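The values are calculated or read from the model by the stated rules, or taken from the named source; none is laboratory data. In this text the structure is predicted, and so the values were computed from the model without any measurement. Cβ sites come from the backbone with ideal geometry, for glycine too, and all protein chains shown count toward neighbours. The protein model used for the area step is the full one, side chains on, heavy atoms only, and it has no ligands, DNA or RNA in it. Shrake-Rupley method; radii C 1.70, N 1.55, O 1.52, S 1.80 Å.
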Amino acid sequence: MYIRDTIAAVSTPPGNGGIGIIRVSGDQAAVVGSIVFTPVSDGGLVSHRFSFGTIRDAANGVKVDEAMAVLMCSPRSYTREDVLELHCHGGWLVVERVLALVLACGVRLAEPGEFTRRAFLNGRIDLIQAEAVMDIIASKSDAALQLALRQGEGALSGRIDEVRGHLLQALALVEAYIDFPDDDLGHTDVAAITTSVESAQAILSDLLATFEEGRIIRDGISVLIVGKPNAGKSSLLNRLLNENRAIVTPIPGTTRDIIEETIIFEGLSIRFLDSAGIRHTKDLVELEGINRTLEKVPLADLVLAVFDGSRRFCQEDQMLLDALAGRKVLAVINKSDLPQVLSFPDGCQFLDTVRIAALSGDGVDLLKRAVCRQFHQSGAIDSREYVSLSRARHRDALVSAVDCLRQFSFGLQERNLELLAIDLRDALGAVGAVTGQSVTDEVLDLIFSSFCIGK
Ligand code: GDP
């Protein structure tokens, strides 16, 4: 529910900084500005113009800060309501005091994401664009930022609107016949309906095909490093990170917990998880580490199976391969500086095999490239037209739209107009959930609760 009261929050991060911004949105924003802020020049605040002045406690006239203030009158503002921003000094005490003065004017502290929620509810942006705001803030790589910016510009929304357009066309034709129960669907109309629905299905399946890449771009790739003890997993992780984060020792079984580190490579965020070596052991702590590793295998987007190239393939290597059956595995043959004796038994299924020397770093860049290649082959993100799904919420909604249209196609054989219309409306509902045309308050609460306060 949207209550049109006036809200306020600190929009800059907590702590001390150069500038602290207090944002106010709602009908009372201009009044709040006139109470707490006195511009040096005469005439009060002018919409969309910055003014320099002082912030004072209206109760006693005491000066709290010197600040810049800007009023953005509705509808040309972030929320489409009147918005006031007070840019004061960025000390936490100053910011807290200014916020307290603003709240004392009778406005309410904003909920997380409430400014963006109002922008959505007032029709300035759709739900995909609102979520993109959050993605822009959370971006960890250039590719993720570019994707979020394009979604913020409405690239994905445009594709979803095309789907809606096709479905509405089909629905209009079907409903026209429902209004005239004596008429059967004519051949021409069946063809027109089928064309519209097929066009919608084609866009939906194109979009769904982009999800894996989009998710990887947005969330990054998670790569689990496994191998028998002493294969060189920790040395490899250190090389990948260019630091000594994992402990490297010549005693087998020293990495007993999972270590997670993220690097940015070729614009993608790659999260490496170094694990306990996989082998038979009676050491309880090490055993726990190995169990945790095996639990992580299904969660990883890719597994780097590290082998010691200077040793023969052994039972522990075989155990490792058994544990990885059916997974995306890239074989890393380490210690290429030593005489090589490793050979794999027949039937090993690897996506790729890369030789490295973790100790010197030889081949590690090639390995990083091989990892990226598994997820990012199209290079499509570099094109201006790139549109992709990146959130599971969007994917799930589009999958259910596809299901409804499959039902529709069955129904079309039987020519049951009422059922056809229901299937189309359900598909429209599912598609509308993505852009926010059809979402419940509960879904909005869930989406916006993960925003920060002040956004
Ligand atoms: P982990 O148990 O799999 O994590 O293995 P470590 O990274 O702790 O390495 C085990 C041992 O192998 C250490 O003594 C490393 O110095 C050594 N090692 C790792 N990589 C290489 C390499 O490329 N060449 C050689 N010669 N030794 C290596």
Could you go through segment 244-255 and let me know if any residue there is within 16 Å of the ligand (Cβ to nearest atom), over 30 Å from Ala130 (Cα atoms), at pLDDT 80 or above and touching an Asp or Glu at 6+ places or on another chain (Cβ under 7 Å). no
Members of segment 42-71 found to be open to solvent by 40 Å² or more (accessible area, probe 1.4 Å) and touching a residue at least 12 places away in the same chain (Cβ under 8 Å), listed by number: Leu45, Val46, Ser47, His48, Arg49, Phe50, Phe52, Arg56, Ala58, Ala59, Glu66, Met68
Would you check if there is a residue in segment 301-309 being within 16 Å of the ligand (Cβ to nearest atom) and modelled with pLDDT under 90? no
Could you please give the count of residues in segment 366-387 that are of a type in the set (A, V, I, L, M, F, W, C) and at pLDDT 90 or above? 4
Can you tell which of Ala138, Ala132 is free of Cβ contacts under 8 Å to residues at least 40 places away in the same chain and touching a Gly at 6+ places or on another chain (Cβ under 6 Å)? Ala132
Conditions first: (1) under 18 Å from the mean Cα position of the chain (by Cα); (2) at pLDDT 95 or above; (3) open to solvent by less than 10 Å² (accessible area, probe 1.4 Å). Ser390 passes all but one, so which condition is the exception? (2)
Could you list all residues from segment 218-243 that are more than 6 Å from the ligand (Cβ to nearest atom) and closer than 12 Å to Val306 by Cβ? Val223, Leu224, Ile225, Val226, Lys228, Leu236, Leu237, Arg239, Leu240
Out of Ile225, Ile217, I need the residue that is of a type in the set (A, V, I, L, M, F, W, C) and either over 30 Å from Ala325 (Cα atoms) or assigned to a helix (DSSP H, G or I) (or both). Which one? Ile217
Can you pull out the residues in segment 73-92 that are among the hydrophobic types (A, V, I, L, M, F, W, C) and open to solvent by less than 60 Å² (accessible area, probe 1.4 Å)? Cys73, Val83, Leu84, Leu86, Cys88
Suppose we filter Gln374, Gln340 for residues that are within 16 Å of the ligand (Cβ to nearest atom) and out of contact with any Cys (no Cβ under 8 Å at 6 or more places or on another chain); which single one remains? Gln340
Name the pairs whose Cβ atoms lie under 8 Å apart, with the first residue in segment 322-341 and open to solvent by less than 90 Å² (accessible area, probe 1.4 Å), the second more than 15 Å from the ligand (Cβ to nearest atom) and among the small types (Gly, Ala, Ser), and 6 or more positions between them or separate chains? Leu330/Ala370
Which of the residues spanning segment 265-275 are under 16 Å from the mean Cα position of the chain (by Cα) and in a strand (DSSP E or B)? Leu268, Ser269, Ile270, Arg271
Restricted to segment 310-333 and to residues being of a type in the set (Lys, Arg) and closer than 17 Å to Ile356 by Cα, the residue nearest to the ligand (Cβ to nearest atom) is Arg311
For segment 347-354, does any single residue satisfy the condition of being at pLDDT 90 or above, within 16 Å of the ligand (Cβ to nearest atom) and open to solvent by less than 20 Å² (accessible area, probe 1.4 Å)? yes
Can you tell me which residue in segment 114-131 is surrounded by the most Cβ atoms within 10 Å (Cβ to Cβ), limited to those that are within 12 Å of Phe451 (Cβ to Cβ) and of a type in the set (A, V, I, L, M)? Ala130
Does segment 271-292 include one or more residues that are in contact with a Gly (Cβ under 7 Å, 6 or more places away or on another chain) and at pLDDT 90 or above? no
